[in-house]
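This report refers to the structure that appears directly beneath it.
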Amino acid sequence: MNARRNRRITLQVSVALLLLAGAFGIAPRAQVAARYDLLFRGGRVVDGTGAPWVRADVAVKGDTIVLVAPRIDAAAARVVDAAGLVVSPGFIDIHTHARRGIFAVPTADNYTRQGVTTIYEGPDGSSPLPIKDFLAKVAATKVSPNFGTFVGQGSVREAVIGTVNREATPAEIETMRGLVRQGMLDGAVGLSTGLFYVPGIFTPTEEVIELAKVAGAMGGIHVSHMRNEAAGVLDSVRETIAIGEQGHLPTQVTHHKIIGVQNWGRSIDTLKLLYEARARGVDGTIDQYPYTASATSMSALFPPWALEGGRQDIVKRLQDQAARAKIKATVVENIKFDRGGGDPKNVSVSSCTWDPSLAGKNLADITRGRGMEPTIENAAETAMYIIEKGGAQGIFHAIDEKDLVRIITCPLTMIASDGEVPIFGQAAPHPRSYGTFARVLAVYVHDKGLLSLEEGVRKMTSLPAQAFGLKNKGLIKTGRDADLVIFDPARIQDGATFEEPLAPPEGVEFVLVHGQLAVEEGRITGERAGVVQRRSS
Ligand SMILES: [Zn+2]
């Protein structure tokens, strides 16, 4: 008999007992005001702190956890038998690109089904502006997860001086500081940078620090997609630390990874740099997704100078013979030693607006389809052709599992998906959108035993809550927000793969957001109780 059936029978038995009680003159249920709205009974409570689990009942009233105790007997409107299951704080994902899909799929099924109850937008230096209007739109839409955002340095710079490759004047920096201040006042949790992307790539560290000071003074954090995650990764970690140290705010390396076979192993030194920084008082942290492939625009294979300005500027460069040859040389280098993973097969298109049929194909396939041998040189031509035609999103297999494991087992590392809210039938996204949290619990906790269950949960709950100043989230404790996930620790499994990226996870039985069931017995309920998260000052 499976657990689900068991729970149903328990409910039926309780109803029978209540009827019996009624027959014997004991007040029937309808006349007893239930003290609690929901009671999760007999589960293994992993409270988010990293402490060993305890068997306990968890009672919820309204949007709050009101009691955690070995046995709670008071009446509840609904009792869920959690025997055999883990009761955990809802997972917090601090790096998502959810604004692409959240308005089309407000239930954010891919996150909700994994037990993610809070998500953040605006990473990588790219946020909607103004923040106020964006968060108002999210609130009006009513979405399933709680939802917050960063203010993006790249978006702020673009608003002030465009995507040009030049230093900003002091007056322009002052205008940018004003936009960051406004973003923070509107509720941003901190400043994100994407120094790998245009226009972050054109931004000197000192300019970022000036903006970081504003976010820091207002209680914000800095989170960075670093300038370089391959050959320059150590300098980039130093830069991320410098922004925290001189900007006087916590600083985080986002989706930490080491790209390119020649750089593998450097996580030993990146982690050392972060520990050294912490030893002198810099609050440096990390987030990571559990995959050995990254995903971003195909233009990631291009040299930064070739990306200045708009699409027309880029196309113009590609049509200039000398510039094209220079671009090609870098793309070849990047396929060999950087994001390309040494082989055109390691780069695939995840979505392409001008030719959706390219989604799921790799650079070798597409090169062959164009009647050429899939050599690295020819694949570089294909990459340039793709950019010329209008660009595409790509998936890049160029990360070593050993670095992944070293980073995920580091106590400074929290879990974040870097995913989005995919729309069914569209494109072939990175599986991290559907699988990140379930995969950590299935592969790195359950199968490989590299993390204890409690440590895995801590990385998804209290660690991000603490780093992001979410006072009422991330712990199962009386008085905290009733954001919970109830899952089977033996059965939890990510379904999404690179071939089938939209397959849902298994083993997540109940998900509670703001006291409302968003997932019930493994199924999305459609409940949209998520609350917009504005920075608490
Ligand atoms: Zn990123």
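The values are calculated or read from the model by the stated rules, or taken from the named source; none is laboratory data. Remember, predicted model here, so these are calculated numbers, not experimental data. Glycine also receives a Cβ, built like all others from the backbone with ideal geometry; neighbour counts cover every protein chain displayed. Note: accessible area is taken over every heavy atom of the protein model, side chains too, but ligands, DNA and RNA are not part of it. Shrake-Rupley method; radii C 1.70, N 1.55, O 1.52, S 1.80 Å.
Across all directions, the average flat footprint of the convex hull enclosing the Cα atoms of segment 420-487 is 6.1 nm². Taking every C-alpha pair closer than 8 Å and separated by at least 6 residues, the mean separation divided by the residue count of the chain gives a relative contact order of 20 percent.
Shape analysis of segment 225-266 based on the Cα gyration tensor places the equivalent ellipsoid semi-axes at 21, 9, 7 Å, largest first.
When the alpha carbon gyration tensor of segment 324-442 is reduced to an equivalent ellipsoid, the three semi-axes, largest first, read 28, 19, 11 Å. Candidates Thr112, Leu271, Leu450 compared by Cα position along the dipole of the chain: farthest toward the positive end lies Thr112, with charges placed on Cβ. As a length-normalised measure over Cα pairs under 8 Å and 6 or more apart, the relative contact order of segment 252-388 settles at 21 percent.
In this simple spin-label approximation, Tyr275 and Val315 carry label points 7 Å from Cα along the Cα→Cβ vector, and these lie 5.2 nm apart. Summing Lys and Arg as +1 and Asp and Glu as -1 over all other residues whose Cβ lies under 13 Å from the Cβ of Gly265 gives a net charge of +1. Using only the C-alpha atoms, the convex hull of the chain corresponds to 142 Å³ per residue.
For the chain, which span is the longest to avoid every loop-located (per DSSP) member of chymotrypsin sites (Phe, Trp or Tyr not before Pro) having at most 10 other Cβ atoms inside 10 Å? Answer from the scan: 25-353. Length available on full extension from Phe424 to Thr169: 0.36 nm per residue minus the Cα-Cα distance, which gives 87.3 nm. Each other residue within a Cβ distance under 9 Å of Asp403 adds +1 if Lys or Arg and -1 if Asp or Glu, for a net charge of +2.
Diffusion of segment 226-316 by Stokes-Einstein, at 25 °C in a medium of 0.890 mPa s and with Rh set to the Kirkwood radius over alpha-carbon pairs, works out to 168 µm²/s. For segment 195-298, trypsin sites (Lys or Arg not before Pro) meeting the loop criterion (DSSP other than H, G, I, E, B) and having at most 12 other Cβ atoms within 10 Å: Arg280. The residues of segment 142-271 expose on average 31 square angstrom of accessible surface per residue, using a 1.4 Å probe on protein heavy atoms.
The C-alpha atoms of the chain define a longest principal axis, and helix 131-141 lies at about 40 degrees to it. Computed from the C-beta positions of Ala140 and Glu499, the FRET efficiency with R₀ = 51 Å rounds to 0.85. Each eigenvalue of the Cα gyration tensor of segment 145-281, multiplied by 5 and square-rooted, gives one semi-axis; in descending order these are 25, 17, 14 Å. For segment 311-382, the solvent-accessible area works out to 52 Å² per residue, with a probe of 1.4 Å and every protein chain left in place. Here the gap between Arg370 and Ser297, fully extended at 0.36 nm per residue and compared with their Cα-Cα distance, gives a gain of 24.2 nm.
Between Ala322 and Leu234, what FRET efficiency follows from the Cβ-Cβ distance if R0 is 35 Å, with the result rounded to 0.05? E(calc), rounded to 0.05, equals 0.60. Scaling against 2.2 N^0.38 Å puts the C-alpha radius of gyration of segment 271-350 at 1.50.
Surface composition of the chain: carbon plus sulfur atoms contribute 52% of the solvent-accessible area (1.4 Å probe, protein chains only, all chains present).
Can you give me the angle between helix 321-337 and the longest principal axis of the chain, using Cα atoms only, in degrees from 0 to 90, rounded to the nearest 10? For 321-337 against the chain, the angle is about 40 degrees.
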